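The values are calculated or read from the model by the stated rules, or taken from the named source; none is laboratory data. None of these values were measured; they are calculated from a predicted model. Quick reminder, even Gly has a Cβ in these numbers, built from the backbone with ideal geometry, and neighbours come from all protein chains shown. These area figures cover heavy atoms from the full protein model, side chains too; ligands, DNA and RNA do not enter into them. Shrake-Rupley method; radii C 1.70, N 1.55, O 1.52, S 1.80 Å.
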Amino acid sequence: MSMPVVRPAGAADHAVLERLWLMFRHDMSEFQGGLPNPDGTFRSDRLTAAFTDPDRLAYIVTDDDHPAGLAIVRGLAAPTRVLNSFFVVRGLRRRGGGLAAVREVVERHPGTWEVAFQDANTGAVRFWRRVATALAGQRWTEERRAVPGRPELPPDVWISFAVPAATS
């Protein structure tokens, strides 16, 4: 089994990321509610911001040159970076590819990290706890925070951990 390749997304990757974004938002609609827009798309302001906001960066995940996922980081200049969106296609899941992709992204930006997910998404609960332990041992925290502007939703779960700079 090959491990995924992660690289910053460029303008040429935008259309592919839009398609991966549809899959990601479709998966998340199970836990966050919401239906597609009338044109069949989902709200994509986070994806758009990853290409226009200098404090954000989109990554594309590939496996044997096939698009396999995406990651969006925000807070590049902040003391704490947020893995704002993360998705790998189902064919790459449960093979270690997701963990390898997250590791690749966060090690490019050493320091404190946060990631949010929903309690109802039991796969994400297991995955992100496993990621935090793999990257930070037992030195990570978990807390629930209200979703801003969405009082009808249950609070998000936030995991925080730190990734040290690589030593040479």
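Let me confirm something: among Arg145, Arg150, which residue is open to solvent by 20 Å² or more (accessible area, probe 1.4 Å) and in contact (Cβ under 8 Å) with a residue 24 or more places away in the chain?
Arg145
Return the total of residues in the stretch 115-138 being at pLDDT 95 or above and of a type in the set (Lys, Arg).
Total meeting the criteria: 1.
Within the stretch 102-123, take every residue that is part of a helix (DSSP H, G or I) and in contact with a helix residue (DSSP H, G or I) (Cβ under 8 Å, 6 or more places away or on another chain) and give me the one that is surrounded by the most Cβ atoms within 10 Å (Cβ to Cβ).
Val102
Take the residues in the stretch 50-77 that are open to solvent by 20 Å² or more (accessible area, probe 1.4 Å) and assigned to a helix (DSSP H, G or I), then tell me which one is modelled with the lowest pLDDT.
Phe51
Name every residue in the stretch 139-166 that is within 21 Å of Gly123 (Cβ to Cβ) and either in a loop (DSSP other than H, G, I, E, B) or touching a Pro at 6+ places or on another chain (Cβ under 7 Å) (or both), in order of residue number.
Matches in the stretch 139-166: Arg144, Arg145, Val147, Leu153, Pro154, Pro155.
Which residue pairs have Cβ atoms closer than 6 Å, lie 6 or more positions apart in sequence or on different chains, and pair a first residue in the stretch 81-97 that is free of Cβ contacts under 8 Å to residues at least 40 places away in the same chain with a second residue that is crowded, with 21+ Cβ neighbours inside 10 Å and of a type outside the set (Gly, Ala, Ser)?
Sorted first by the residue in the stretch 81-97, then by its partner, the pairs are Arg81/Val73; Arg81/Trp113; Leu83/Val115; Asn84/Ile72.
Which ones in the stretch 78-101 are within 18 Å of Asp53 (Cβ to Cβ) and assigned to a strand (DSSP E or B)?
So the first thing to find is which residues in the stretch 78-101 are within 18 Å of Asp53 (Cβ to Cβ), and the list is 78-86.
Those that are within 18 Å of Asp53 (Cβ to Cβ) and assigned to a strand (DSSP E or B): Thr80, Arg81, Val82, Leu83, Asn84, Ser85, Phe86.
Kindly indicate whether any position in the stretch 114-121 is closer than 19 Å to Val16 by Cα, of a type in the set (Phe, Trp, Tyr) and in contact (Cβ under 8 Å) with a residue 12 or more places away in the chain.
Checked the stretch 114-121: no residue is closer than 19 Å to Val16 by Cα, of a type in the set (Phe, Trp, Tyr) and in contact (Cβ under 8 Å) with a residue 12 or more places away in the chain.
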